[in-house]
Amino acid sequence: MPQSLDYLKETASQTAGPYVHIGCTPNFSGITGVFPEDLGTSMVNKETEGERITVKGSVIDGKGMALKDALIEIWQADAKGLYNSPFEMRGTADPNFTGWGRTAGEMDTGEFVFETIKPGVVPFKDGRPMAPHITFWIVARGINLGLHTRMYFPEEEAANKVDPILTRIEHQSRVPTLIAAKDGSDYRFDIHLQGDLETVFFDI
Amino acid sequence: MTNEKRENGAFMQRDRNWHPPAYTPTYKTSVLRSPQKALLSLDNTISEMTGPVFGHNIIGDLDNDLILNFAKEGEMPIGERIVVHGRVLDERGLPVPNVLLEFWQANAGGRYRHKKESYLAPLDPNFGGCGRTITDEQGGYYFRTIKPGPYPWPNGVNDWRPAHIHFSVFGQGFAQRLITQMYFEGDPLIAKCPIVQTIPDQKAIDQLVAPLDMGNTLPMDSLAYKFDIVLRGRRSTMFENRKEGN
(Lines give C-alpha, C1' and ligand atoms only; values in the text may rest on other atoms or scores of the structure.)
Protein backbone atom coordinates (compact mmCIF):
# COMPACT_ATOMS: atom_id res chain seq x y z
CA MET A 1 0.00 0.00 0.00
CA PRO A 2 1.34 3.45 -0.87
CA GLN A 3 1.08 6.31 1.60
CA SER A 4 -2.34 7.87 2.09
CA LEU A 5 -3.04 11.29 0.62
CA ASP A 6 -5.37 12.21 3.45
CA TYR A 7 -7.53 14.55 1.44
CA LEU A 8 -11.00 15.14 2.76
CA LYS A 9 -14.02 14.81 0.50
CA GLU A 10 -16.00 17.92 -0.32
CA THR A 11 -19.35 18.00 1.47
CA ALA A 12 -21.98 16.79 -0.99
CA SER A 13 -24.48 19.33 -2.25
CA GLN A 14 -28.19 19.14 -1.59
CA THR A 15 -30.89 21.16 -3.28
CA ALA A 16 -31.54 24.64 -1.91
CA GLY A 17 -35.20 23.60 -1.75
CA PRO A 18 -38.34 25.73 -2.03
CA TYR A 19 -37.55 27.79 1.06
CA VAL A 20 -34.03 29.01 0.22
CA HIS A 21 -35.29 32.57 0.54
CA ILE A 22 -35.92 32.12 4.26
CA GLY A 23 -32.17 31.72 4.75
CA CYS A 24 -30.69 33.87 2.01
CA THR A 25 -33.21 36.68 1.50
CA PRO A 26 -35.34 36.56 4.67
CA ASN A 27 -36.65 40.13 4.35
CA PHE A 28 -37.85 39.32 0.84
CA SER A 29 -39.66 36.26 2.17
CA GLY A 30 -41.40 38.29 4.86
CA ILE A 31 -39.18 37.46 7.82
CA THR A 32 -38.31 40.95 8.95
CA GLY A 33 -36.52 42.15 12.02
CA VAL A 34 -33.88 39.42 12.08
CA PHE A 35 -31.33 40.89 9.63
CA PRO A 36 -31.42 44.61 8.77
CA GLU A 37 -31.28 43.90 5.04
CA ASP A 38 -30.88 41.04 2.61
CA LEU A 39 -27.25 40.59 1.58
CA GLY A 40 -26.36 41.27 -2.04
CA THR A 41 -29.33 43.59 -2.65
CA SER A 42 -27.15 46.51 -3.57
CA MET A 43 -23.86 46.25 -5.45
CA VAL A 44 -23.16 49.88 -6.26
CA ASN A 45 -23.32 53.26 -4.59
CA LYS A 46 -23.00 56.83 -5.85
CA GLU A 47 -19.21 56.65 -5.86
CA THR A 48 -18.88 53.43 -7.84
CA GLU A 49 -16.74 53.83 -10.94
CA GLY A 50 -17.94 52.56 -14.29
CA GLU A 51 -20.90 52.38 -16.61
CA ARG A 52 -24.16 51.65 -14.81
CA ILE A 53 -26.05 48.73 -16.33
CA THR A 54 -29.19 46.75 -15.58
CA VAL A 55 -29.23 43.01 -16.17
CA LYS A 56 -32.58 41.24 -16.27
CA GLY A 57 -33.58 37.70 -17.02
CA SER A 58 -35.38 34.55 -16.04
CA VAL A 59 -34.37 31.00 -15.25
CA ILE A 60 -36.50 28.78 -17.48
CA ASP A 61 -37.27 25.09 -17.06
CA GLY A 62 -37.58 22.35 -19.67
CA LYS A 63 -41.20 23.23 -20.41
CA GLY A 64 -40.50 26.92 -20.94
CA MET A 65 -41.77 27.99 -17.54
CA ALA A 66 -39.86 30.60 -15.56
CA LEU A 67 -38.75 29.48 -12.10
CA LYS A 68 -40.25 31.53 -9.30
CA ASP A 69 -38.30 29.92 -6.50
CA ALA A 70 -34.70 30.27 -7.67
CA LEU A 71 -31.90 32.18 -6.01
CA ILE A 72 -29.50 33.86 -8.40
CA GLU A 73 -26.09 35.20 -7.46
CA ILE A 74 -23.61 37.06 -9.62
CA TRP A 75 -19.92 37.79 -9.14
CA GLN A 76 -17.97 40.16 -11.34
CA ALA A 77 -14.93 42.40 -11.64
CA ASP A 78 -15.05 46.16 -11.22
CA ALA A 79 -14.73 48.62 -14.10
CA LYS A 80 -10.95 48.13 -14.18
CA GLY A 81 -11.18 44.34 -14.17
CA LEU A 82 -10.31 43.81 -10.51
CA TYR A 83 -12.23 41.61 -8.06
CA ASN A 84 -13.17 42.84 -4.60
CA SER A 85 -11.57 39.82 -2.91
CA PRO A 86 -8.51 39.16 -0.69
CA PHE A 87 -7.45 36.64 -3.33
CA GLU A 88 -7.22 39.36 -5.96
CA MET A 89 -3.42 39.62 -6.31
CA ARG A 90 -3.25 42.19 -9.10
CA GLY A 91 -4.34 45.29 -7.25
CA THR A 92 -7.09 46.79 -5.15
CA ALA A 93 -10.62 46.83 -6.50
CA ASP A 94 -12.96 49.81 -6.32
CA PRO A 95 -14.01 49.91 -2.63
CA ASN A 96 -17.41 51.24 -3.73
CA PHE A 97 -18.25 48.13 -5.69
CA THR A 98 -18.97 44.81 -3.98
CA GLY A 99 -18.84 42.72 -7.15
CA TRP A 100 -21.43 40.37 -5.67
CA GLY A 101 -25.19 40.44 -6.06
CA ARG A 102 -27.96 38.14 -4.98
CA THR A 103 -31.67 38.09 -5.70
CA ALA A 104 -34.71 35.89 -5.38
CA GLY A 105 -36.21 37.52 -8.45
CA GLU A 106 -39.55 39.28 -8.60
CA MET A 107 -42.19 37.73 -6.37
CA ASP A 108 -44.75 37.08 -9.13
CA THR A 109 -42.61 36.35 -12.16
CA GLY A 110 -39.26 35.15 -10.84
CA GLU A 111 -37.52 37.65 -13.11
CA PHE A 112 -34.17 38.77 -11.71
CA VAL A 113 -32.85 42.31 -11.93
CA PHE A 114 -29.31 43.37 -11.06
CA GLU A 115 -28.26 47.00 -10.96
CA THR A 116 -24.53 46.86 -11.49
CA ILE A 117 -21.73 48.18 -13.67
CA LYS A 118 -20.15 46.81 -16.77
CA PRO A 119 -17.08 44.81 -15.69
CA GLY A 120 -13.63 45.42 -17.08
CA VAL A 121 -11.34 42.92 -18.72
CA VAL A 122 -9.84 40.12 -16.61
CA PRO A 123 -6.92 38.05 -17.86
CA PHE A 124 -7.09 34.31 -18.49
CA LYS A 125 -4.37 32.19 -16.88
CA ASP A 126 -2.02 32.56 -19.84
CA GLY A 127 -2.41 36.33 -19.85
CA ARG A 128 -4.81 36.57 -22.77
CA PRO A 129 -7.72 38.89 -22.02
CA MET A 130 -11.11 37.37 -21.29
CA ALA A 131 -14.02 39.30 -22.72
CA PRO A 132 -16.00 41.20 -20.06
CA HIS A 133 -18.30 38.78 -18.28
CA ILE A 134 -20.45 38.27 -15.20
CA THR A 135 -20.35 34.93 -13.39
CA PHE A 136 -23.75 33.48 -12.47
CA TRP A 137 -24.60 30.86 -9.87
CA ILE A 138 -28.13 29.46 -9.77
CA VAL A 139 -29.78 27.30 -7.12
CA ALA A 140 -33.41 26.27 -6.68
CA ARG A 141 -35.72 23.46 -5.74
CA GLY A 142 -34.97 20.62 -8.16
CA ILE A 143 -31.39 21.74 -8.78
CA ASN A 144 -29.18 19.28 -6.90
CA LEU A 145 -25.89 21.17 -7.30
CA GLY A 146 -25.59 24.91 -7.95
CA LEU A 147 -25.13 25.78 -11.62
CA HIS A 148 -22.25 27.98 -12.77
CA THR A 149 -22.38 29.95 -15.98
CA ARG A 150 -21.32 33.31 -17.41
CA MET A 151 -22.98 36.22 -19.14
CA TYR A 152 -21.06 38.01 -21.89
CA PHE A 153 -21.91 41.31 -23.60
CA PRO A 154 -23.35 41.55 -27.13
CA GLU A 155 -21.44 44.74 -28.05
CA GLU A 156 -18.10 43.03 -27.30
CA GLU A 157 -18.20 41.08 -30.52
CA ALA A 158 -14.47 41.27 -31.21
CA ALA A 159 -13.47 40.33 -27.65
CA ASN A 160 -16.04 37.53 -27.50
CA LYS A 161 -14.70 36.08 -30.74
CA VAL A 162 -11.27 35.45 -29.19
CA ASP A 163 -12.36 34.85 -25.59
CA PRO A 164 -10.43 31.85 -24.21
CA ILE A 165 -13.58 30.32 -22.72
CA LEU A 166 -16.05 30.96 -25.52
CA THR A 167 -13.64 29.60 -28.10
CA ARG A 168 -13.38 26.37 -26.12
CA ILE A 169 -17.04 25.52 -26.67
CA GLU A 170 -17.11 22.66 -29.15
CA HIS A 171 -20.56 23.42 -30.52
CA GLN A 172 -20.11 27.08 -31.41
CA SER A 173 -23.83 27.29 -32.13
CA ARG A 174 -24.30 27.25 -28.33
CA VAL A 175 -22.14 30.34 -27.70
CA PRO A 176 -25.12 32.72 -28.05
CA THR A 177 -26.66 31.11 -24.94
CA LEU A 178 -23.97 32.95 -22.97
CA ILE A 179 -24.39 36.34 -24.62
CA ALA A 180 -26.98 38.75 -23.26
CA ALA A 181 -29.40 40.56 -25.55
CA LYS A 182 -29.62 44.32 -25.54
CA ASP A 183 -33.14 45.24 -24.44
CA GLY A 184 -33.42 49.01 -24.70
CA SER A 185 -30.90 50.29 -22.22
CA ASP A 186 -30.93 46.99 -20.29
CA TYR A 187 -29.34 43.64 -20.90
CA ARG A 188 -31.50 40.55 -20.97
CA PHE A 189 -29.96 37.20 -20.02
CA ASP A 190 -32.37 34.28 -19.87
CA ILE A 191 -31.00 31.05 -18.49
CA HIS A 192 -32.47 27.90 -20.01
CA LEU A 193 -32.02 24.77 -17.93
CA GLN A 194 -32.91 22.40 -20.78
CA GLY A 195 -33.83 22.17 -24.43
CA ASP A 196 -32.45 23.52 -27.69
CA LEU A 197 -31.58 26.79 -26.01
CA GLU A 198 -29.98 25.14 -22.98
CA THR A 199 -27.44 27.51 -21.50
CA VAL A 200 -23.85 26.31 -21.43
CA PHE A 201 -23.16 25.49 -17.78
CA PHE A 202 -19.64 25.14 -16.44
CA ASP A 203 -17.83 22.46 -14.50
CA ILE A 204 -15.30 24.89 -13.18
CA MET B 1 -0.89 18.19 5.52
CA THR B 2 -0.69 21.94 5.99
CA ASN B 3 1.41 24.06 3.71
CA GLU B 4 3.34 26.99 5.08
CA LYS B 5 2.52 28.99 2.01
CA ARG B 6 -1.07 30.19 1.78
CA GLU B 7 -2.27 28.65 -1.45
CA ASN B 8 -4.05 30.91 -3.89
CA GLY B 9 -4.28 28.62 -6.89
CA ALA B 10 -7.21 27.05 -8.65
CA PHE B 11 -9.54 24.77 -6.74
CA MET B 12 -9.31 21.03 -7.11
CA GLN B 13 -11.75 19.56 -9.55
CA ARG B 14 -15.16 18.85 -8.13
CA ASP B 15 -15.88 15.11 -7.82
CA ARG B 16 -19.19 14.91 -9.64
CA ASN B 17 -19.64 11.25 -8.75
CA TRP B 18 -19.75 12.29 -5.10
CA HIS B 19 -22.33 15.05 -5.56
CA PRO B 20 -25.85 14.19 -6.68
CA PRO B 21 -26.27 14.17 -10.46
CA ALA B 22 -28.56 16.83 -11.94
CA TYR B 23 -31.19 14.40 -13.23
CA THR B 24 -32.67 12.32 -10.41
CA PRO B 25 -36.20 11.24 -11.42
CA THR B 26 -37.16 9.96 -7.96
CA TYR B 27 -36.85 13.61 -6.92
CA LYS B 28 -39.41 14.73 -9.46
CA THR B 29 -38.71 18.44 -9.58
CA SER B 30 -35.24 17.72 -10.94
CA VAL B 31 -36.67 16.25 -14.14
CA LEU B 32 -37.40 19.58 -15.84
CA ARG B 33 -34.69 21.53 -14.04
CA SER B 34 -31.63 19.41 -14.83
CA PRO B 35 -29.27 20.43 -17.63
CA GLN B 36 -29.11 17.65 -20.21
CA LYS B 37 -26.02 18.64 -22.12
CA ALA B 38 -22.48 18.04 -20.94
CA LEU B 39 -21.02 20.76 -18.75
CA LEU B 40 -18.11 22.77 -20.12
CA SER B 41 -15.13 21.68 -18.04
CA LEU B 42 -12.59 24.40 -17.37
CA ASP B 43 -9.83 25.06 -14.92
CA ASN B 44 -10.66 28.02 -12.68
CA THR B 45 -9.81 31.53 -13.81
CA ILE B 46 -9.50 34.53 -11.52
CA SER B 47 -13.27 34.90 -11.86
CA GLU B 48 -13.78 31.67 -9.89
CA MET B 49 -10.69 31.75 -7.65
CA THR B 50 -11.93 34.98 -6.06
CA GLY B 51 -15.21 35.47 -4.26
CA PRO B 52 -17.06 37.88 -2.02
CA VAL B 53 -16.04 38.29 1.62
CA PHE B 54 -18.21 39.48 4.46
CA GLY B 55 -16.95 41.34 7.49
CA HIS B 56 -17.71 40.20 11.02
CA ASN B 57 -19.35 43.62 11.41
CA ILE B 58 -22.43 42.51 9.43
CA ILE B 59 -23.25 39.94 12.08
CA GLY B 60 -25.69 41.02 14.79
CA ASP B 61 -25.63 39.65 18.35
CA LEU B 62 -28.57 37.31 17.78
CA ASP B 63 -27.81 36.27 14.21
CA ASN B 64 -26.56 32.87 15.40
CA ASP B 65 -29.32 32.44 17.96
CA LEU B 66 -32.49 31.17 16.29
CA ILE B 67 -34.05 30.65 19.72
CA LEU B 68 -34.09 34.38 20.35
CA ASN B 69 -33.69 36.18 17.02
CA PHE B 70 -37.39 36.12 16.14
CA ALA B 71 -38.91 35.62 19.61
CA LYS B 72 -41.08 38.19 21.29
CA GLU B 73 -39.63 39.87 24.34
CA GLY B 74 -39.55 37.35 27.18
CA GLU B 75 -40.79 34.44 25.05
CA MET B 76 -39.15 31.51 23.31
CA PRO B 77 -40.04 29.01 20.59
CA ILE B 78 -41.27 25.52 21.49
CA GLY B 79 -39.08 22.51 20.79
CA GLU B 80 -35.82 20.74 21.58
CA ARG B 81 -33.09 23.25 22.29
CA ILE B 82 -29.87 22.39 20.45
CA VAL B 83 -26.45 23.83 19.69
CA VAL B 84 -25.00 23.10 16.25
CA HIS B 85 -21.27 23.59 15.88
CA GLY B 86 -18.39 22.48 13.71
CA ARG B 87 -15.64 23.65 11.43
CA VAL B 88 -15.40 24.65 7.81
CA LEU B 89 -12.38 22.92 6.30
CA ASP B 90 -11.06 22.48 2.79
CA GLU B 91 -10.13 19.21 1.12
CA ARG B 92 -6.58 19.58 2.43
CA GLY B 93 -7.95 19.72 5.97
CA LEU B 94 -7.08 23.40 6.31
CA PRO B 95 -9.49 25.62 8.20
CA VAL B 96 -11.48 28.08 6.12
CA PRO B 97 -11.64 31.20 8.30
CA ASN B 98 -13.86 34.28 8.00
CA VAL B 99 -16.45 32.85 5.65
CA LEU B 100 -20.19 33.40 5.83
CA LEU B 101 -22.54 30.57 6.77
CA GLU B 102 -26.29 31.00 6.48
CA PHE B 103 -28.79 28.47 7.77
CA TRP B 104 -32.56 28.03 7.62
CA GLN B 105 -35.01 25.44 8.80
CA ALA B 106 -38.54 24.47 9.74
CA ASN B 107 -39.81 24.86 13.30
CA ALA B 108 -40.19 22.03 15.81
CA GLY B 109 -43.43 20.94 14.12
CA GLY B 110 -41.85 20.78 10.67
CA ARG B 111 -43.42 24.02 9.43
CA TYR B 112 -41.53 26.73 7.53
CA ARG B 113 -42.32 30.40 7.87
CA HIS B 114 -43.05 30.85 4.17
CA LYS B 115 -46.10 31.94 2.22
CA LYS B 116 -45.90 28.96 -0.15
CA GLU B 117 -45.82 26.46 2.71
CA SER B 118 -49.13 24.67 3.27
CA TYR B 119 -48.37 21.95 5.82
CA LEU B 120 -51.04 21.86 8.52
CA ALA B 121 -48.54 22.03 11.39
CA PRO B 122 -48.72 25.49 12.97
CA LEU B 123 -46.26 28.33 12.77
CA ASP B 124 -44.48 29.13 16.00
CA PRO B 125 -44.96 32.84 16.69
CA ASN B 126 -41.49 32.93 18.27
CA PHE B 127 -39.55 31.17 15.54
CA GLY B 128 -38.35 32.71 12.27
CA GLY B 129 -36.02 29.95 11.14
CA CYS B 130 -33.02 31.82 9.75
CA GLY B 131 -29.57 32.60 11.09
CA ARG B 132 -26.02 33.31 10.02
CA THR B 133 -22.48 33.48 11.31
CA ILE B 134 -18.90 33.92 10.11
CA THR B 135 -16.24 31.30 10.83
CA ASP B 136 -13.43 32.12 13.23
CA GLU B 137 -9.68 31.84 12.51
CA GLN B 138 -9.83 28.05 12.96
CA GLY B 139 -12.83 27.73 10.66
CA GLY B 140 -15.07 27.15 13.68
CA TYR B 141 -18.70 28.17 13.98
CA TYR B 142 -21.69 27.57 16.25
CA PHE B 143 -25.31 28.54 16.56
CA ARG B 144 -28.26 27.79 18.79
CA THR B 145 -31.66 26.72 17.56
CA ILE B 146 -34.68 24.46 17.99
CA LYS B 147 -34.43 21.01 16.45
CA PRO B 148 -36.56 21.10 13.30
CA GLY B 149 -39.32 18.55 12.83
CA PRO B 150 -39.75 16.20 9.85
CA TYR B 151 -42.49 17.06 7.39
CA PRO B 152 -44.37 15.59 4.43
CA TRP B 153 -43.82 16.98 0.94
CA PRO B 154 -45.48 16.48 -2.41
CA ASN B 155 -43.22 14.13 -4.37
CA GLY B 156 -44.38 10.59 -3.84
CA VAL B 157 -47.78 10.04 -2.23
CA ASN B 158 -46.25 9.76 1.21
CA ASP B 159 -42.73 11.19 1.18
CA TRP B 160 -41.33 12.80 4.30
CA ARG B 161 -38.23 14.90 4.75
CA PRO B 162 -36.02 13.89 7.65
CA ALA B 163 -35.34 16.66 10.15
CA HIS B 164 -32.73 18.89 8.54
CA ILE B 165 -31.08 22.29 8.56
CA HIS B 166 -30.15 23.96 5.26
CA PHE B 167 -26.68 25.52 4.99
CA SER B 168 -25.38 28.05 2.49
CA VAL B 169 -21.59 28.31 2.59
CA PHE B 170 -19.26 30.84 1.02
CA GLY B 171 -15.61 29.94 0.69
CA GLN B 172 -12.77 32.15 -0.44
CA GLY B 173 -13.52 31.65 -4.11
CA PHE B 174 -16.82 31.58 -5.97
CA ALA B 175 -15.97 28.06 -7.21
CA GLN B 176 -16.38 26.83 -3.61
CA ARG B 177 -19.93 28.11 -3.28
CA LEU B 178 -22.08 25.37 -1.76
CA ILE B 179 -25.57 24.74 -0.47
CA THR B 180 -26.26 21.56 1.45
CA GLN B 181 -28.39 20.09 4.24
CA MET B 182 -27.47 18.72 7.64
CA TYR B 183 -29.32 15.70 9.00
CA PHE B 184 -29.48 14.30 12.53
CA GLU B 185 -27.89 11.07 13.73
CA GLY B 186 -30.32 8.22 14.12
CA ASP B 187 -33.18 9.62 12.02
CA PRO B 188 -34.88 6.68 10.24
CA LEU B 189 -36.27 9.03 7.57
CA ILE B 190 -32.80 9.74 6.14
CA ALA B 191 -32.65 6.42 4.33
CA LYS B 192 -36.17 6.91 2.92
CA CYS B 193 -35.77 10.46 1.61
CA PRO B 194 -35.69 10.91 -2.19
CA ILE B 195 -33.65 14.12 -1.83
CA VAL B 196 -31.02 12.49 0.38
CA GLN B 197 -30.96 9.53 -1.98
CA THR B 198 -30.02 11.73 -4.95
CA ILE B 199 -26.51 11.29 -3.53
CA PRO B 200 -25.13 8.07 -4.98
CA ASP B 201 -22.47 7.25 -2.39
CA GLN B 202 -23.52 6.26 1.14
CA LYS B 203 -20.26 7.71 2.49
CA ALA B 204 -21.21 11.09 1.07
CA ILE B 205 -24.62 10.80 2.76
CA ASP B 206 -23.01 9.86 6.06
CA GLN B 207 -20.93 13.04 5.82
CA LEU B 208 -24.19 15.05 5.98
CA VAL B 209 -25.32 13.41 9.22
CA ALA B 210 -24.41 15.31 12.38
CA PRO B 211 -23.66 13.15 15.42
CA LEU B 212 -25.01 13.93 18.87
CA ASP B 213 -22.09 15.56 20.71
CA MET B 214 -22.51 15.20 24.46
CA GLY B 215 -19.19 16.99 25.00
CA ASN B 216 -20.70 20.23 23.77
CA THR B 217 -24.11 20.04 25.38
CA LEU B 218 -25.19 22.57 27.97
CA PRO B 219 -26.43 20.56 30.97
CA MET B 220 -30.06 21.26 31.84
CA ASP B 221 -30.27 23.48 28.74
CA SER B 222 -29.35 22.22 25.24
CA LEU B 223 -28.19 19.13 23.39
CA ALA B 224 -25.44 19.56 20.79
CA TYR B 225 -24.74 18.26 17.30
CA LYS B 226 -21.46 18.56 15.41
CA PHE B 227 -21.42 19.30 11.69
CA ASP B 228 -18.15 19.83 9.85
CA ILE B 229 -18.32 21.16 6.30
CA VAL B 230 -15.65 20.53 3.68
CA LEU B 231 -15.17 22.90 0.76
CA ARG B 232 -12.99 22.41 -2.31
CA GLY B 233 -9.28 22.79 -1.60
CA ARG B 234 -6.81 24.79 -3.63
CA ARG B 235 -4.28 23.06 -5.82
CA SER B 236 -0.62 23.70 -5.16
CA THR B 237 1.09 26.65 -6.76
CA MET B 238 4.57 25.34 -5.93
CA PHE B 239 5.42 25.46 -9.62
CA GLU B 240 3.04 27.44 -11.74
CA ASN B 241 2.47 26.09 -15.20
CA ARG B 242 2.99 29.20 -17.22
CA LYS B 243 4.29 29.02 -20.73
CA GLU B 244 7.81 30.39 -21.09
CA GLY B 245 7.70 34.02 -22.06
CA ASN B 246 4.27 34.71 -20.60
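The values are calculated or read from the model by the stated rules, or taken from the named source; none is laboratory data. Keep in mind that this is a model prediction, so the values were computed, not measured. Please note: Cβ atoms are built from the backbone with ideal geometry, for glycine as well, and neighbour counts cover all protein chains shown.
Scanning for something within 26 Å of B:F103 (Cβ to Cβ), modelled with pLDDT of 95 or more and either buried (at least 20 other Cβ atoms within 10 Å of the Cβ) or touching a helix residue (DSSP H, G or I) at 6+ places or on another chain (Cβ under 8 Å) (or both), does the stretch B:34-45 turn up at least one residue?
We begin by selecting, within the stretch B:34-45, every residue within 26 Å of B:F103 (Cβ to Cβ); these are B:34.
This time we only want the ones that are modelled with pLDDT of 95 or more, so: B:34.
Checking the rest, the ones that are also either buried (at least 20 other Cβ atoms within 10 Å of the Cβ) or touching a helix residue (DSSP H, G or I) at 6+ places or on another chain (Cβ under 8 Å) (or both) come to B:34.
Yes, the stretch B:34-45 contains a residue that is within 26 Å of B:F103 (Cβ to Cβ), modelled with pLDDT of 95 or more and either buried (at least 20 other Cβ atoms within 10 Å of the Cβ) or touching a helix residue (DSSP H, G or I) at 6+ places or on another chain (Cβ under 8 Å) (or both).
Among the conditions (1) buried (at least 23 other Cβ atoms within 10 Å of the Cβ); (2) within 26 Å of A:E47 (Cβ to Cβ); (3) not hydroxyl-bearing (S, T, Y), A:G105 misses just one, which is (2).
Every residue in the stretch A:135-147 that is of a type in the set (V, I, T) and at the interface with chain B (Cβ under 9 Å from one of its Cβ atoms), please. Walk me through how you get there before you give the answer.
Keep residues of the stretch A:135-147 that are of a type in the set (V, I, T), which gives A:135, A:138-139, A:143.
Within the stretch A:135-147, A:T135, A:V139, A:I143 meet the criteria.
Within 14 Å of another protein chain (Cβ to nearest Cβ), under 30 Å from A:I134 (Cα atoms) and part of a loop (DSSP other than H, G, I, E, B), is that true of B:Q181? Spelling it out, it is not the case that B:Q181 is within 14 Å of another protein chain (Cβ to nearest Cβ), under 30 Å from A:I134 (Cα atoms) and part of a loop (DSSP other than H, G, I, E, B). Checked against the criterion of being over 30 Å from A:D203 (Cβ atoms) and either buried (at least 20 other Cβ atoms within 10 Å of the Cβ) or touching a helix residue (DSSP H, G or I) at 6+ places or on another chain (Cβ under 7 Å) (or both), the candidates B:I78, B:I82 yield just one match: B:I82.
Of the candidates A:G64, A:G17, A:G50, A:G30, the single residue that is at positive phi and away from every other protein chain (no Cβ under 12 Å) is A:G50. Count, please, the residues in the stretch A:151-175 that happen to be more than 22 Å from A:V20 (Cβ to Cβ) and either crowded, with 16+ Cβ neighbours inside 10 Å or in contact with a helix residue (DSSP H, G or I) (Cβ under 9 Å, 6 or more places away or on another chain) (or both). Residues meeting the conditions: 16.
Does at least one position in the stretch B:112-126 carry a residue that is small (G, A, S) and closer than 27 Å to A:T32 by Cα? Spell out how you get there, then give the answer.
Let us first name the residues in the stretch B:112-126 that are small (G, A, S), namely B:118, B:121.
Those left that are additionally closer than 27 Å to A:T32 by Cα: B:118, B:121.
There is at least one residue in the stretch B:112-126 that is small (G, A, S) and closer than 27 Å to A:T32 by Cα.
Checking the stated criteria, B:P154 turns out to be free of Cβ contacts under 8 Å to residues at least 60 places away in the same chain, surrounded by fewer than 24 Cβ atoms within 10 Å (Cβ to Cβ), more than 8 Å from chain A (Cβ to nearest Cβ) and under 21 Å from A:I143 (Cβ atoms).
Out of the residues in the stretch B:26-45 that are small (G, A, S) and in a loop (DSSP other than H, G, I, E, B), which is farthest from the other protein chains (Cβ to nearest Cβ)? Walk me through how you get there before you give the answer.
Within the stretch B:26-45, the first condition is being small (G, A, S), and the residues that meet it are B:30, B:34, B:38, B:41.
Applying the additional criterion that residues be in a loop (DSSP other than H, G, I, E, B) yields B:34, B:38.
Numbers: B:S34: 7, B:A38: 9 Å.
Among residues in the stretch B:26-45 that are small (G, A, S) and in a loop (DSSP other than H, G, I, E, B), the one farthest from the other protein chains (Cβ to nearest Cβ) is B:A38.
Here B:Y23 meets each of (1) at the interface with another protein chain (Cβ under 7 Å from one of its Cβ atoms); (2) hydroxyl-bearing (S, T, Y); (3) without any contact (Cβ under 8 Å) to a residue 60 or more places away in the chain; (4) surrounded by 13 or more Cβ atoms within 10 Å (Cβ to Cβ) with one exception, condition (1). Based on what the data block shows, is A:T116 more than 9 Å from every other protein chain (Cβ to nearest Cβ), under 19 Å from B:E48 (Cα atoms) and either assigned to a loop (DSSP other than H, G, I, E, B) or modelled with pLDDT of 95 or more (or both)? So A:T116 fits the description; yes.
List the strands (runs of 3 or more DSSP E) inside the stretch A:119-204, counting only whole elements, that have at least 3 residues being at pLDDT 95 or above. Working first, answer last.
Values: elements: A:133-139, A:147-152, A:181-183, A:186-188.
In the stretch A:119-204, the matching strands (runs of 3 or more DSSP E) lie at A:133-139, A:147-152, A:186-188.
Is one or more of the residues making up the stretch B:49-69 over 23 Å from the mean Cα position of the chain (by Cα) and either polar (S, T, N, Q) or within 11 Å of chain A (Cβ to nearest Cβ) (or both)? Before you say what the answer is, go through the steps one by one.
Going through the stretch B:49-69, the residues over 23 Å from the mean Cα position of the chain (by Cα) turn out to be none.
Among the residues of the stretch B:49-69, not one is over 23 Å from the mean Cα position of the chain (by Cα) and either polar (S, T, N, Q) or within 11 Å of chain A (Cβ to nearest Cβ) (or both), which makes the answer no.
Checked against the criterion of being of a type in the set (S, T, N, Q) and at negative phi, the stretch B:79-102 has no qualifying residue.
Please enumerate the residues belonging to the stretch B:105-148 that are free of Cβ contacts under 8 Å to residues at least 12 places away in the same chain and within 23 Å of A:M107 (Cα to Cα).
Start the filter on the stretch B:105-148 by keeping residues that are free of Cβ contacts under 8 Å to residues at least 12 places away in the same chain, which leaves B:114-118, B:120.
Selection gives B:H114, B:K115, B:K116, B:E117, B:S118.
For the stretch B:179-196, check the following and say yes or no: at least one residue is modelled with pLDDT of 95 or more, of a type in the set (V, I, T) and over 17 Å from the mean Cα position of the chain (by Cα).
no
Just the residues that are over 13 Å from A:I31 (Cβ atoms) and of a type in the set (K, R), please, taken from the stretch B:102-136. Correct list: B:R111, B:K116.
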